[in-house]
Amino acid sequence: MILLLACFALTPLSALALESDRDQSALIEADEVELDFGSGKRIYRGNVSVRQGTIRILADEIELFYRGEQLDHAVAKGNPAVFRQRPEGKDHDIIGTGQTIELDEVHNIVTFITDAQLRQGRDSIEGQRIVYDMARDRMKVRGGVTAPTRTTRAGEDAPTVIAQGDSGRPRLVIQPDAKNTSNTATTPPITTVKVETVNTSDMRYIGNKGATVFAQRSVTAPQLGTLAANTPVRVLRSGDGWAQISAPRGIKVWIYGKFVSSSAGVGVVTGSRVRLRSAPSTGTGSTVTGEANQGQKVWVIAVRGDWKQIEPPANFRAWIPSARIHKPGKTEQWQDDWRKLARPGTTD
């Protein structure tokens with residue numbers, strides 16, 4: 001059961017929001033909530049989602065600590081927990097992730113701990129601990145012994161996570177803008193995507209009501225299409241009422257057009273680790289949903305300006321509510337249905 005708290009009168013997280021966010025109520029969704037009025041602690045567990053104005057927080061668990069009627073601080077935990085917010089006067093959202101996120105409401109500081117990453121537009125920084133002072137617009141980053149601090153400015157064909165070097169020293173990598181990058185390499189030979197052998201325990205079908213596909217395990221995340229009833233899917237992992245799946249058809253994402261060889265039907269990815277997005281832009285509201293590798297085949301659905309909408313390779317991962325799937329009756333039938341739905345020319 002989803003626990004829904006609307007019009008939250010205590011205005012949590014207000015200091016971290018845009019000026020226009022301050023007067024807005026917070027909406028918290030969770031599978032379970034524990035309130036301790038004596039200590040002022042409130043714990044939300046299970047697929048937790050917090051929304052207030054431009055703020056979005058996704059986590060497995062969030063603890064809120066109050067001093068009287070005033071929120072003092074909050075701790076979000078997840079794998080990873082995600083914090084997103086539009087800073088005052090900025091054109092792009094700040095998106096931060098970490099195994100733990102601590103929000104100091106009093107001093108307007110957000111701390112990302114363990115496998116921490118902070119992104120704004122095409123700029124990103126990584127470390128084991130990132131302390132972001134939003135009031136002063138300052139940042140302190142600490143790397144670990146085996147995980148150095150990294151600062152990156154990436155193009156659309158740059159990897160989402162830069163491979164770690166041998167040195168523990170911080171390093172800066174500058175990538176050109178996608179539109180200014182000339183692709184001097186010749187178009188690679190067409191290769192096919194081999195469908196992995198699927199364990200019987202991973203086989204599922206979409207139920208009679210169909211299922212909306214989300215970029216993350218939250219109904220507030222960007223939607224990536226709808227899977228029709230009886231579509232075969234592969235479950236990669238599940239928990240807290242959500243299933244991460246791959247499907248032969250029905251998921252829709254956007255890719256920068258120059259990195260796909262065709263404008264309709266089967267196309268070949270011509271760039272290395274090209275980012276897939278929820279919308280045809282790199283601006284606010286466009287979320288990076290995954291990557292496509294050089295030589296992979298995709299199905300081009302539509303073209304909009306410099307962007308192409310595609311059905312990604314069958315190994316692309318997305319999320320649906322677990323209640324929308326059921327087990328197949330026969331393994332052979334599931335395999336046959338998967339092959340029938342796979343786009344012609346995109347698989348062996």
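Summary of computed values
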item: Region 32-45, residues that are touching a Leu at 6+ places or on another chain (Cβ under 9 Å) and modelled with pLDDT of 85 or more; result: 32, 33, 42, 43, 44
item: From the options 81, 74, residue that is of a type outside the set (Asp, Glu) and under 20 Å from residue 35 (Cα atoms); result: 74
item: Test: residue 116 is buried (at least 20 other Cβ atoms within 10 Å of the Cβ) and either of a type in the set (Gly, Ala, Ser) or at positive phi (or both); result: yes
item: Candidates 86, 67 - the one that is buried (at least 17 other Cβ atoms within 10 Å of the Cβ) and either within 19 Å of residue 43 (Cβ to Cβ) or over 16 Å from the mean Cα position of the chain (by Cα) (or both); result: 86
item: Subset tally (residues that are of a type in the set (A, V, I, L, M, F, W, C), surrounded by fewer than 18 Cβ atoms within 10 Å (Cβ to Cβ) and farther than 27 Å from residue 324 by Cα) for region 239-297; result: 2
item: Subset tally (residues that are in a loop (DSSP other than H, G, I, E, B) and on the phi < 0 side of the Ramachandran plot) for region 316-348; result: 11
item: Strands (runs of 3 or more DSSP E) contained entirely in region 85-176, each with at least 3 residues that are modelled with pLDDT of 55 or more; result: 94-104, 109-120, 123-133, 138-142, 150-153
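So that you can scan it fast, the table gives a plain yes or no per residue for (1) among the aliphatic types (A, V, I, L, M); (2) at pLDDT below 90:
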site: 203; (1), (2): yes, no
site: 221; (1), (2): yes, yes
site: 227; (1), (2): yes, no
site: 254; (1), (2): no, no
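The values are calculated or read from the model by the stated rules, or taken from the named source; none is laboratory data. Not measured: the values here are computed from a predicted model. FYI the Cβ positions are ideal-geometry reconstructions off the backbone, even for glycines, and counts take in every protein chain you see.
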